[in-house]
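What follows is a set of notes on a single structure, which appears directly below.
Please treat every number below as a calculation from the coordinates, not as lab data. Bear in mind the structure is a predicted one, so any value in this text is a computation, not a measurement. No Cβ is skipped: glycine too gets one built from the backbone with ideal geometry, and neighbour counts run over all protein chains shown.
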Amino acid sequence: MRALAVCQDELVIRTLHRVLSGVFDIEFLIESRPLARRLVDDGVAATVADPRRVDSYLRVDLTPNTCVIVEDNGKRGLKRIFSAIRDAGGCLVYALHVGNAPQRRNFEELRSVCPELTHLDLAELLSAPLTTELGRSLTRARVQQYQRYFADADRVLILLHNEPDPDAMAAGLALRNVLRRTRQTAIIGAMEGVTRPENVRMADLLDIQVETITPEELGAFDRIATVDVQPHYFGGLLPRVDLVIDHHPEQPGYTSVFKDIRANYGSTCTILTEHLRAVDANISERTATAMLYAIKSDTLFFARQTNRVDLEAFSYLYPLADAAMIRKMEGAEITLERLEHVTRALAASRLRNRVFSAFIGETSREDLITYTADFLLQVEDVKWTMVSGIVNNQFILSVRNLGYTRNAGEFVKANFGDIGSAGGHRAMAKAVVPMDRFRAKFGDMSGVGISARIGELAEAFLTEGSSRERDRDRETTREGGRLEARTAR
Ligand SMILES: [Mn+2]
């Protein structure tokens, strides 16, 4: 690849030469003969020519595939240079602005001569890496301070919030790494441990031990750090706080010797990636995997509260982590038990007018009904899911919707509020009704009968008040795996 740079400033020339000569065959077009001689002596390809003349470019064999970079140091005459380049057949044209910030009106003026012109601002090109580097040295100083402060402690507690999530657990591992401590000398703990299946699975797969800490045990630690949470969360139980690292908005009402709170970051692990990088710490595959998974899960894979720094931390950790392990952890949400409930729901279901109603029969836990309702909301064309089942002789109905045409909470209150507890909000709601009261109101029905009845109630609720136009949607019912489809009139 060839590049031609039209520059007069020695610093800019030497910088471009260093940056581009590895990839490009780069040549400089220079006005000053003494400067060109100096550069040629140093092995820089430089030609002395007038950049405002077309034949200057013809002499250096400018082709449409040559990248032409023109330094703009604010002096006049740029327009003539670009016209000459255009006339000589140059197409890949760049203006490199140095010195003062480029003016908008100059852009337009130059584009009138050279429509495909791209503007580059030297200050802008430098700013991201430079501010990152300077910011890192501030972080380094801060990290070294707390490292020293923790160095002589016998027992360190890294405290997480209750039911620690991936970000909390991974931040615990990362901080232990920054503090250069082991499982024995820095305990990762929580007042209430990990119970949710996906979190248990992460802890198991990555061998993360989160110890359950009682308030009485807190006094036995020489240093206490909280990560992904701030001390106010523990309501005055903590005897001391030495370090807080968190990405939630800063809370008043506590003191800590050190703190690093960055509410604009997508995860606590993003902050800790910067701490680890600042002190050049080695990051093990296990820690990198945990942290990468944490960033992915706290930002919903960059769909929420994401910052450039989160992406930067992600790309830094990615090559250090075990991606196959992350896929395995993500699979955790689907268990055989949950899948079995989805299958049961399909076996007695009805889909009409985008309302999916299903009955899964007797089951051991309520969360399996909720999970099934959430899961089925992913099905194409489904806008409402109504999944019901029986737990301990109680009829449980879980309602989910997309797009909030009407309020799910109002639906359950209107239909079940008289015989049991019913409530919720726009997108999710639940009703719990004793089975005998359910039968007394709706009659003794079979699986698909219940699905159909609840589906009808939902449809009536959704069309209430709106035009009573009859649908021509396909209606599908399933019973025991038998599929019946017909077009409703
Ligand atoms: Mn978090």
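What is the calculated FRET efficiency for ASP87 to VAL279, with r their C-beta to C-beta distance and R₀ = 60 Å, to the nearest 0.05?
0.60
Would you please give the FRET efficiency between GLU312 and ARG53, computed as 1/(1 + (r/R0)^6) with r the Cβ-Cβ distance and R0 = 45 Å, to the nearest 0.05?
Approximately 0.50, to the nearest 0.05.
So for VAL399, VAL156, fewest C-beta neighbours within 10 Å to most, what's the order?
By the 10 Å Cβ count, ascending: VAL156, VAL399.
Applying a 10 Å radius around every beta-carbon, put 157-163, 43-49 in order of their mean neighbour count, most first.
Going by the mean number of other Cβ atoms within 10 Å, highest first, we get 157-163, 43-49.
Return the distance in nm (one decimal) between the two label points of a simple spin-label model at ALA220 and ALA427, each offset 7 Å from Cα along Cα→Cβ.
Result for the modelled spin labels: 4.4 nm.
About its Cα centre, how strong a charge dipole does region 179-238 have in debye, to the nearest 20, once Lys and Arg get +1 and Asp and Glu get -1 at the Cβ?
240 debye
Which cross-chain or sequence-distant (5 or more) residues have an amide H under 5 Å from the amide H of ARG2, H modelled 1.01 Å from N in plane?
Answer set, sorted by chain and number: ASP25, CYS67.
Taking amide H atoms as placed 1.01 Å from N in the peptide plane, list the residues 5 or more away in sequence, or in a different chain, whose amide H sits under 5 Å from that of ALA427.
The answer is ALA408.
Could you tell me which of ILE245, VAL194, ASN177 has its Cα farthest along the dipole of region 149-261 towards the positive end, charges placed at Cβ (Lys, Arg +1; Asp, Glu -1), taken about the Cα centre?
ASN177
So for VAL6, VAL257, fewest C-beta neighbours within 10 Å to most, what's the order?
Least crowded to most crowded, the residues run VAL257, VAL6.
From the helices alone, meaning DSSP H stretches of at least four residues, give me the mean residue ellipticity at 222 nm for the chain, per-run term -39500 (n - 2.57), in deg cm²/dmol to the nearest 500.
-12500 deg cm²/dmol
Which lysines, on any chain, are close to LYS441 with Cα under 25 Å apart, when same-chain ones fewer than 8 places away are left out?
Excluding near neighbours in sequence, the set is LYS413, LYS430.
Once the dipole of the chain is set up with Lys and Arg at +1 and Asp and Glu at -1 on Cβ about the Cα centre, which of ILE208, GLY409, ASN106 lies farthest towards its positive end?
ASN106
Straight distance only, please: which aspartates and glutamates reach the Cα of LYS383 with their own Cα at less than 12 Å, same-chain residues fewer than 8 apart left out?
The qualifying aspartates and glutamates are ASP374, GLU459.
Go through 166-176, 53-63, 349-359 and give me the packing order, highest mean Cβ count within 10 Å leading.
My ranking of the peptides, most packed first, is 166-176, 349-359, 53-63.
What order, most packed first, do the peptides 213-220, 88-95 have when packing is the mean number of other Cβ atoms within 10 Å of each residue?
Top to bottom by mean Cβ count within 10 Å: 88-95, 213-220.
Using alpha carbons only, how many angstrom separate the centre of region 18-36 from the centre of region 357-431?
Centre-to-centre (Cα) distance: 70 Å.
Taking 0.36 nm per intervening residue step and subtracting the Cα-Cα distance, what contour gain separates PHE258 from LYS75 on full extension?
60.8 nm
Excluding TYR57 itself, what net charge comes from residues whose Cβ is under 12 Å from its Cβ, given Lys and Arg +1 and Asp and Glu -1?
Around TYR57, the charge tally is -1.
For the pair ASP367/ILE334, report the inter-label distance in nm, with labels modelled 7 Å from Cα in the Cβ direction.
2.0 nm
DSSP loop GluC sites (Glu not before Pro) in region 20-121 with at most 12 other Cβ atoms within 10 Å of their Cβ, which ones?
GLU116
If I take R0 = 41 Å and measure r between the Cβ atoms of GLU456 and PHE302 in this structure, what FRET efficiency does the formula 1/(1 + (r/R0)^6) give, to the nearest 0.05?
Calculated transfer efficiency: 0.50.
What percent antiparallel are the DSSP beta bridges of the chain, to the nearest 5?
Within the chain, antiparallel bridges account for around 40 percent of the total.
Report the label-to-label distance for VAL19 and GLU108 in nanometres (one decimal), using points 7 Å from each Cα along the Cα→Cβ vector.
2.8 nm
Only Lys, Arg, Asp and Glu count, each charged at its Cβ (+1, +1, -1, -1), so figure out the dipole size of the chain about its Cα centre, rounded to 20 debye.
Result for the chain is approximately 1040 debye, rounded to the nearest 20.
What GluC sites (Glu not before Pro) in region 343-442 are in a loop by DSSP, with at most 10 other Cβ atoms within 10 Å of the Cβ?
Loop-located and lightly packed - GLU380.
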